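Asker: Let me give you the structure first, and then I'll get to my questions.
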Amino acid sequence: MTSNEKPVVVENPVVVMKRYELKYIINSEQEAFFKEKIKGHMEPDAFGKTSIGTVYYDTPDSRLVNRSIEKPMFKEKLRLRSYGLATDDSPVFLELKRKAYGIVYKRRVQTTIPLVQKFLDGEGDICAGGQINREIVYFRDLYRDLSPKCLIIYDRTAYFEPGGDLRLTIDNNPRYRVTDIDLRVSMEGIPLLPPGGSVLEIKVQEAMPLWLTHILDEGGIYKSSFSKYGEAYKRQIMQSYVNI
């Protein structure tokens, strides 16, 4: 996506989610195999492949990402997502994401970048009251001094199960930046995986269907605990040692 392309407008965004999310690192051959095998079971959504940028907020001592890397039973994060390159006026989504005992809970608010900046500076609420607002305000006030720490970008194709609740996404060319951490700048970044590497995420409310389990087994596709922000953070730590 170039800097001249317009942001994607997402209609009727889901504001509350509760589900299991399973991640897999796949190569280009596995991706082609998987896409062929899910035909008849899953359909790509109407947006096709979309470049997504996500800013992760953290404390000055990177408390949130360090806790996430430890793989605790409970962890949480605050992030700001844009579908395509953002502007001051385009819709972005502030997300509070928690994971407890393998279940992911997400609270999501549609907003704009200037409003998020004011909110993190302690100026008012992020939306017009309600439970979601209270949870995000509590998170902000609990951790304090939250600031943009990393920008993760990838090119996502999302699939849905017609008539069902199964969802999956394939994120091509995941990449990151720790400078110019701004959704309005560009969709460029440092690759997180080798060429052809992608992240497959399967999102289910209950158990995974047997047909999907069989496809994963046949393709030699195995679950991973890969975290895009966690991997970017570890790379920056390693780079800091190299530069000493």
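Each row is one residue, and each column tells you yes or no for (1) without any contact (Cβ under 8 Å) to a residue 40 or more places away in the chain; (2) buried (at least 20 other Cβ atoms within 10 Å of the Cβ).
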| site | (1), (2) |
| --- | --- |
| Glu161 | no, no |
| Pro174 | no, yes |
| Thr179 | yes, no |
| Glu188 | yes, no |
| Gly197 | no, no |
| Lys203 | no, no |
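Asker: What tally of residues in the stretch 34-62 results from selecting those that are surrounded by 13 or more Cβ atoms within 10 Å (Cβ to Cβ) and assigned to a helix (DSSP H, G or I)?
Answerer: Result for the stretch 34-62: 3.
Asker: Identify, from the list Val104, Val137, the residue that is farther than 23 Å from Leu183 by Cα, of a type outside the set (Asp, Glu) and surrounded by fewer than 19 Cβ atoms within 10 Å (Cβ to Cβ).
Answerer: Val104
Asker: Right, another one. Residues of the stretch 70-100 being farther than 18 Å from Arg184 by Cα and more than 16 Å from the chain's Cα centre (by Cα), which ones?
Answerer: Those that are farther than 18 Å from Arg184 by Cα and more than 16 Å from the chain's Cα centre (by Cα): Glu70, Lys71, Pro72, Met73, Phe74, Ala100.
Asker: Going by the structure shown, is Ala46 of a type in the set (Gly, Ala, Ser), without any contact (Cβ under 8 Å) to a residue 12 or more places away in the chain and under 22 Å from Asn172 (Cβ atoms)?
Answerer: Spelling it out, Ala46 is indeed of a type in the set (Gly, Ala, Ser), without any contact (Cβ under 8 Å) to a residue 12 or more places away in the chain and under 22 Å from Asn172 (Cβ atoms).
Asker: Which strands (runs of 3 or more DSSP E) sit wholly inside the stretch 135-217 and have at least 1 residues that are more than 19 Å from the chain's Cα centre (by Cα) and closer than 20 Å to Ser227 by Cα?
Answerer: In the stretch 135-217, no matching strands (runs of 3 or more DSSP E) lie anywhere.
Asker: Take the stretch 206-234 and flag every residue that is surrounded by 11 or more Cβ atoms within 10 Å (Cβ to Cβ) and in contact with a Leu (Cβ under 8 Å, 6 or more places away or on another chain).
Answerer: Of everything in the stretch 206-234, those that are surrounded by 11 or more Cβ atoms within 10 Å (Cβ to Cβ) and in contact with a Leu (Cβ under 8 Å, 6 or more places away or on another chain) turn out to be Met208, Pro209, Leu212, Ile221, Lys223, Lys228, Glu231, Ala232.
Asker: Also, I was wondering about something else. I'm told Arg144 meets every condition in (1) touching a residue at least 60 places away in the same chain (Cβ under 8 Å); (2) surrounded by fewer than 19 Cβ atoms within 10 Å (Cβ to Cβ); (3) at negative phi except one. Can you identify the failing condition by its number?
Answerer: It fails just one condition, (3).
Asker: Of all residues in the stretch 63-104, which are of a type in the set (S, T, N, Q) and outside any strand (DSSP E or B)?
Answerer: Asn66, Ser68, Thr87, Ser90
Every number in this text was worked out from the coordinates using simple rules, so none of it is lab data. It should be emphasised that the depicted structure is a prediction, and the values quoted were computed from it without experimental measurement. Note that we place each Cβ from the backbone using ideal geometry, even for glycine, and neighbour counts take in every protein chain shown.
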